[in-house]
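If you scroll down you'll find the structure; I have some questions about it.
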Amino acid sequence: MNHATRREFIKSTIGAGAFFGMPGIFTGSLFAADAPNKRIQVAQIGCGRMGRADMDGVLKQSKARVVAVCDLDSRRAGLARDAVVKFYQKKGESAVDVKIHSDYRELLARPDIDAVVVSTPDHWHGLIAIEAALAGKHLYVQKPLTYDVAESIALRKVVRARKVILQTGSQQRSEGPFPAFRAASEAVRNGRIGKVKTLHIGIGIDKPSGKKPAAMPVPATFDFKRWLGPAPEQEYMEGRVHPQNSVDGRPGWITTEDFGLGMITNWGAHHIDIAQWALGQELGGPSIIDAKADFMKNDVWTVHHNYHVEMLYPDDITVILDNSFENGIRFEGEEGWIFCARGGAAVTASDPTKPDKGNASLRASDPKLLAKLDASAKHRWPRSKDHYGNWIDSIIANTDPIAPVDQAARSLQTCAAAWIGMKLGRKLTWDVASESFKDDADANALCGRRPRSAEFDFREVLKKAGI
């Protein structure tokens, strides 16, 4: 792509990306040397439920090509490879070469790969993404960005140091199938409801399974020992990992604290991200966190279920999360309220009943609050119709995407800080500037964990890289 063509492409496709003010991010070669048709060469890491959805999203991009898949479950990896081959064959290709990898580090060493999609369980996000950035690969990372606060700080540092493009899987920022979040947050940011007073956020809950832990034989097709990675050593239980007979079933690792922190980071990462975007706190966060929760005990699962969290933001704005709230975000201000959600369908089987009054996904105390913003609006979100397309376009244009690493790190930190409040059961003071708790050693100790071996410790990886 010559200079003139590249300039015209940027202007015609994602000129609004300059909103983020991060031009000239990537300094390396844009495409791998042997990339066919000069398309971004992409590898999929993690081929389960979200991995297949992410891979499908990338396959639809004409400026990208999926060339490799990686998973520690050989059955899932094979199904993903077959899906990619079938996709390109339907487009008329006869010889489609898609490599399968079980070790993501082998994949990262390939010079023909430009970018990777990280759709692994949460406990692997940070380490894989850090190593990918160090290898000069652009990144699409599923939300939450990382497992804990320490990983979020490290990943942001490496992404900026290596000047790669990272898109977070916070697809509620793009128009896609969920336009209500953009409309509501943009209206709030532009003062439609006056001074914001309170936010009510519902993220649903996971109920205890009622099943006591029981060890099982590890399937021959699954490298469970490697899959544990940074998590503590333990025996295999299918209910804590993923279903063996399907790639679509909701995986048990989501409900096990060794691998993910529960709905507070699972769905919380989505809604807190939008809430902070609307409040102008995308690089900020709360100062006071008061959280309580019940945790699953004597069960296969270990995450929280019932919860109540109250957080104080600048300008005396209170953000409340509670499992009794409708899944979505309700912004309340001095001049009215706006509610946004994904729609009428329940996100989990335990979601509260959803009222269907008018537009279930977007409604307000007065319809005028949702009127289209005119050219005089001070705050306008960058154009992003497709979250994966926005990522690919951002790589080509060398600018930050709609959900960049800095803002994703702050969203994760808010959710993880709320989880720490849940674990300690007392009020905490969070310092946004230092990304730590004030004068609270117990709380700060929960901001990062030590993996079971140095092999899976991102700190050791950074030390070897001289960062």
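Hey, does region 52-63 have a residue that's at pLDDT 95 or above and either touching a Lys or Arg at 6+ places or on another chain (Cβ under 6 Å) or farther than 26 Å from HIS125 by Cα (or both)?
Yes; the residues of region 52-63 include at least one that is at pLDDT 95 or above and either touching a Lys or Arg at 6+ places or on another chain (Cβ under 6 Å) or farther than 26 Å from HIS125 by Cα (or both).
Quick one: how many residues across region 263-291 are in a helix (DSSP H, G or I) and of a type outside the set (S, T, N, Q)?
Residues of region 263-291 that are in a helix (DSSP H, G or I), as a first pass: 263-266, 268-278.
So of that shortlist, the ones also of a type outside the set (S, T, N, Q) come out as 263-264, 268-275, 277-278.
Number of matching residues: 12.
Charged (D, E, K, R) and under 19 Å from GLY126 (Cβ atoms) - does that describe any residue in region 267-279? It would help to see each step written out before you state the result.
Within region 267-279, the subset charged (D, E, K, R) is 273.
Okay, now just the ones that are also under 19 Å from GLY126 (Cβ atoms), so 273.
Yes, that holds for at least one residue.
List the strands (runs of 3 or more DSSP E) that sit entirely inside region 292-342 and contain at least 1 residues that are among the basic types (Lys, Arg) and modelled with pLDDT of 95 or more. Write out each step before concluding.
On the way: elements: 304-313, 317-322, 328-333, 336-340.
Per the criteria, 328-333.
When you check ALA360 against the structure, is it at pLDDT below 95, surrounded by fewer than 16 Cβ atoms within 10 Å (Cβ to Cβ), of a type in the set (A, V, I, L, M, F, W, C) and over 23 Å from ALA408 (Cβ atoms), yes or no? Please lay out each step first, then the result.
On the way: at pLDDT below 95: yes; surrounded by fewer than 16 Cβ atoms within 10 Å (Cβ to Cβ): no; of a type in the set (A, V, I, L, M, F, W, C): yes; over 23 Å from ALA408 (Cβ atoms): yes.
Answer is no for this residue.
Continuing with this model, one more query. Out of region 374-420, which residues are assigned to a helix (DSSP H, G or I), among the small types (Gly, Ala, Ser) and more than 21 Å from the chain's Cα centre (by Cα)?
Looking only at region 374-420, we keep the residues that are assigned to a helix (DSSP H, G or I), and these are 387-397, 405-420.
Those still in the list that are among the small types (Gly, Ala, Ser) too: 389, 394, 397, 408-409, 411, 416-418.
Scanning region 374-420 gives a single hit, ALA397.
Out of ALA443, ALA408, ALA371, which single residue is in contact with a strand residue (DSSP E or B) (Cβ under 8 Å, 6 or more places away or on another chain), among the hydrophobic types (A, V, I, L, M, F, W, C) and either within 23 Å of ASN327 (Cα to Cα) or loosely packed, with under 14 Cβ neighbours inside 10 Å (or both)? First the steps, then the outcome.
Details: ALA443 fails: either within 23 Å of ASN327 (Cα to Cα) or loosely packed, with under 14 Cβ neighbours inside 10 Å (or both); ALA371 fails: in contact with a strand residue (DSSP E or B) (Cβ under 8 Å, 6 or more places away or on another chain).
Only one candidate passes the filter, namely ALA408.
Which number in (1) touching a residue at least 40 places away in the same chain (Cβ under 8 Å); (2) closer than 25 Å to TRP267 by Cβ marks the one condition that PHE437 misses?
Of the numbered conditions (1) touching a residue at least 40 places away in the same chain (Cβ under 8 Å); (2) closer than 25 Å to TRP267 by Cβ, the odd one out for PHE437 is (1).
Which one of these is of a type outside the set (A, V, I, L, M) and not in a loop (DSSP other than H, G, I, E, B): LYS212, LYS197? Quick ask: steps written out before the conclusion?
Numbers: LYS212 fails: not in a loop (DSSP other than H, G, I, E, B).
Step by step, each of LYS212, LYS197 is checked, and only LYS197 is of a type outside the set (A, V, I, L, M) and not in a loop (DSSP other than H, G, I, E, B).
So is GLY229 over 18 Å from the mean Cα position of the chain (by Cα) and either over 21 Å from GLY78 (Cα atoms) or acidic (Asp, Glu) (or both) or not?
Numbers: over 18 Å from the mean Cα position of the chain (by Cα): yes; either over 21 Å from GLY78 (Cα atoms) or acidic (Asp, Glu) (or both): yes.
Yes; evaluated as a whole, the condition is true for this residue.
Tell me, which residue of region 215-271 that is among the polar types (S, T, N, Q) and free of Cβ contacts under 8 Å to residues at least 12 places away in the same chain is surrounded by the fewest Cβ atoms within 10 Å (Cβ to Cβ)? Before you say what the answer is, go through the steps one by one.
Of region 215-271, the ones among the polar types (S, T, N, Q) are 221, 234, 244-246, 255-256, 265-266.
Filter once more, keeping what is free of Cβ contacts under 8 Å to residues at least 12 places away in the same chain: 245-246.
Working: ASN245: 8, SER246: 12.
Here the answer is ASN245.
Mind listing whichever residues of region 117-136 are touching an Asp or Glu at 6+ places or on another chain (Cβ under 6 Å), over 11 Å from PHE458 (Cα atoms) and small (Gly, Ala, Ser)?
Keep residues of region 117-136 that are touching an Asp or Glu at 6+ places or on another chain (Cβ under 6 Å), which gives 117, 119, 126.
Now narrow it down to the ones that are over 11 Å from PHE458 (Cα atoms): 117, 119.
If the condition is that a residue be touching an Asp or Glu at 6+ places or on another chain (Cβ under 6 Å), over 11 Å from PHE458 (Cα atoms) and small (Gly, Ala, Ser), then SER119 is the only one that fits.
Would you call ALA346 in the same structural domain as GLN234 (by TED's automatic domain parsing), surrounded by fewer than 19 Cβ atoms within 10 Å (Cβ to Cβ), over 18 Å from ALA183 (Cβ atoms) and modelled with pLDDT under 95? Steps first, answer last, please.
Working: in the same structural domain as GLN234 (by TED's automatic domain parsing): yes; surrounded by fewer than 19 Cβ atoms within 10 Å (Cβ to Cβ): yes; over 18 Å from ALA183 (Cβ atoms): yes; modelled with pLDDT under 95: yes.
Answer is yes for this residue.
The values are calculated or read from the model by the stated rules, or taken from the named source; none is laboratory data. As the structure is a computational prediction, the values presented were derived from the model and not from experiment. Cβ sites come from the backbone with ideal geometry, for glycine too, and all protein chains shown count toward neighbours.
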